[in-house]
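J.: Provided herewith is a single structure, encoded as structure tokens, for subsequent inquiry.
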Amino acid sequence: MSLQRMLKLHYVLVLVLCVSASEDFDWTKNERGSFYYGTFPTGFSWGAGGSAYQTEGAWDKDGKGMSIWDVFAHKKGKIFLNDTADHSCEGYYKFKDDITLMKDMKFNHYRFSISWPRIFPNGIKADHINEKGIKYYDDLINMLLDNNITPIVTLYHWDLPQVLQEKYGGWQNVSMVNYFNDFANLCFERFGDRVKYWVTFNNPWSSAVEGYETGEHAPGLKLRGTGAYKAAHHIIKAHAKVWHTYDTQWRSKQKGLVGISLLADWGEPVDITNQRDIEAAERYVQFYMGWFATPIFNGDYPQVMKDYIGRKSAQQGLGTSRLPVFSSQEKSYIKGTCDFLGIGHFTTRYITQKNYPSGRGNSYFTDRDLVELVDPRWPDPGSEWLYSVPWGFRRLLNFVKTQYGNPMIYVTENGVSEKVQRCTDLCDDWRMQYFKDYINEMLKALKDGVNVKGYTAWSLLDKFEWDEGFSERFGLFYVDFLNKNKPRYPKASVQYYKRIISSNGFPNQREVESWKRKATETCSSSNQLLAAARRKSQQDNKEQAGMPKVWPVHDEV
């Protein structure tokens, strides 16, 4: 994009912000910035989450096979600072300690994923079932239930068995549909008597786009313009097959629910009076969440995806669209395969129209004909992609309500990161503010009639953040990765979120305004404990290396 074009867009963005900041929200006639004091319905479920590869460690222990992320992270230059999750939080060994933390916070649920290669080391049931892996998840599920915490189990959080990638090309191959169904069916058989909430896939957008289009994530392929669409096509089929397997073989006796978790940023038009920007903003959401949600709820891809990708494919001289086609039989088979919709949401973008000529090479991103923008005034405490824009959350939830017939929704991921500095401060005031604002927008959406049943803070622990390694931290609890025991330290947001849970929302202004102050008071002692532990660890390392003792004159926190 030329500098002149960028400056023009920035000028338009700032101008529109000034004009639209006080615009009424379509569904509620409420300003963006207002705070609503009130509580959630009785029975609303509160919890937090994590995933197998990010937290478990024990990557090659007790018979676990290799995943695509094990292989990808061990390749130099793929992960920031060449980090791997080989040990990460050591959740495989410390899950009892972590459940104690959850119990203290009075969680209603905990969301975690089952590692496919920990159950099927070679990816295939016929080859080998790893009973040690099954015992680990049995113990985890049983202890959660013993502490009145409902397990919400994700079957696929990106860690495909490496054997299936090498033999078949992973999600580029339709054979994954049956292999994944075999894995899911075994999980239903072994755990379904106790697990009642199943998530087939976590954020398949990322698996498809970052795994097979940009190569930023495992397996690291760059099949531009085709790879993401083909992977997504097979993932959608796999989701539907697993839903039907549960529906026909297990539902009547286990009485559980099967859904999917889709990541969805909100897209807001740069110019709310410009029809092209309005259409571009909706196209952004349709190419993101609608890519998966629309087939699952309505049986086929969003029409706008079929139109845009089909037209650009024709301009390339291709005989057929790069977007695969569902047969009429497949459409009816896929439609309605969702007992609840998991929504992962973190941020918002301003969207404006931009035409990408097909001659410059096609990709998922150029197929959309749009540009994503951010307001420089939005807070951005951590990940470069994550800006705090609470009002987008309510808009997104209302979009789901109107677009897909008001399905049952569980918020399966929502949270904010921080970049790791040399010294870590556990008084995470920005995270407390993020939770306050985003959860309040969710409460407003409930008032709008959106059918939200639960909220999952992302995440319980600091953990391995994919290609960013350990440089970004989403956790309520700080994990000292430099210590082999991986101790957990509560951040201030632990106490803050605990108060939201105990109050089931935001009862009144006076009480809520005291929460941050009280939570901050608790983190100074945690800071001191962490600093002392760090000093001891550094001293032990020096002694092991034969260096003289040196005592610090002040804490580095």
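The values are calculated or read from the model by the stated rules, or taken from the named source; none is laboratory data. Only a predicted model underlies this, so the values are computations on that prediction, with no experimental measurement involved. Heads up, the Cβs are rebuilt from the backbone with ideal geometry, glycines too, and the neighbour counts pull from every protein chain shown. Only protein heavy atoms, including side chains, enter the accessible area calculation; ligands, DNA and RNA are left aside. Shrake-Rupley method; radii C 1.70, N 1.55, O 1.52, S 1.80 Å.
J.: Which values of log₁₀ I(q)/I(0), to two decimal places, follow from the Debye formula for segment 194-240 at q = 0.22, 0.25, 0.32 Å⁻¹ with a uniform point scatterer at every Cα?
T.: The calculated log intensity ratios at q = 0.22, 0.25, 0.32 Å⁻¹ are -0.68, -0.81, -1.10.
J.: Next up: Return the calculated 222 nm mean residue ellipticity for the chain, to the nearest 500 deg cm²/dmol, obtained by summing -39500 (n - 2.57) across DSSP H runs with n ≥ 4 and dividing by the residue count.
T.: -13500 deg cm²/dmol
J.: In terms of modelled amide H atoms, which long-range or inter-chain residues lie less than 5 Å from the amide H of ILE152?
T.: Amide H neighbours of ILE152: TYR110, ARG111, PHE112.
J.: Roughly how many Å² is the accessible area per residue of segment 443-510, as a whole number, for a 1.4 Å probe?
T.: Here the residues of segment 443-510 average 30 Å² of exposed surface.
J.: Using a Förster distance of 35 Å, how high is the FRET efficiency between SER328 and ARG194, based on the Cβ-Cβ distance and rounded to 0.05?
T.: The formula returns an efficiency of 0.35 here.
J.: Modelling each spin label as a point 7 Å along the Cα-to-Cβ direction, I'd like the GLN249/LYS135 distance in nm, to one decimal.
T.: The two pseudo-label positions are separated by 2.5 nm.
J.: Right, another one. Let me check I have the definition right: for segment 88-163, take the eigenvalues of the Cα gyration tensor, multiply each by 5, take square roots. What are those semi-axes in whole Å, largest first? Could the numbers behind the result be given before it?
T.: Values: eigenvalues 129, 27, 25 Å².
Output for segment 88-163: semi-axes of 25, 12, 11 Å.
J.: Kyte-Doolittle cut-off 0.0, length cut-off 20 Å along the helix's own axis using Cα: show which whole DSSP H helices in the chain pass.
T.: Helix filter hits for the chain: 3-20, 176-191.
J.: With the dipole of segment 45-480 worked out from charges on the C-beta (+1 for Lys and Arg, -1 for Asp and Glu) around the Cα centre, which of PHE120, TYR301, ASN185 lies farthest toward the positive end?
T.: TYR301
J.: Here is a further query. For segment 122-275, what is the charge dipole size about the Cα centre, in debye to the nearest 20, if Lys and Arg each add +1 at the Cβ and Asp and Glu each add -1 at the Cβ?
T.: Approximately 560 debye in magnitude.
J.: Right, something else. When N counts the residues of the chain, how does its alpha-carbon radius of gyration compare numerically with 2.2 N^0.38 Å, as a ratio?
T.: Taking N as the residue count of the chain, the ratio is 0.96.
J.: How do the peptides 296-304, 226-234, 480-488 rank, highest first, by the average count of neighbouring beta carbon atoms within 10 Å per residue?
T.: Going from most to least packed, we get 226-234, 296-304, 480-488.
J.: Can you tell me the dipole magnitude for the chain around its Cα centre, using point charges on the Cβ only (Lys, Arg +1; Asp, Glu -1), in Debye to the nearest 20?
T.: Magnitude of the dipole: close to 400 debye.
J.: Here is a follow-up. Quick one: compute the contact order of the chain, relative version, from alpha carbon pairs under 8 angstrom and 6+ residues apart, as a percent. Don't jump to the answer; show the numbers that get you there.
T.: Numbers: 1047 pairs, mean separation 87.8, N = 557.
Computed value for the chain: 16 percent relative contact order.
J.: Go from 0 up to the bin containing the longest alpha carbon distance in segment 115-268, width 10 Å each, and give me the % of pairs per bin.
T.: With 10 Å bins starting at 0, P(r) equals 11, 39, 34, 14, 2.
J.: Share of antiparallel DSSP beta bridges in the chain, in percent to the nearest 5?
T.: Counting only bridges with both partners in the chain, antiparallel ones make up about 25 percent.
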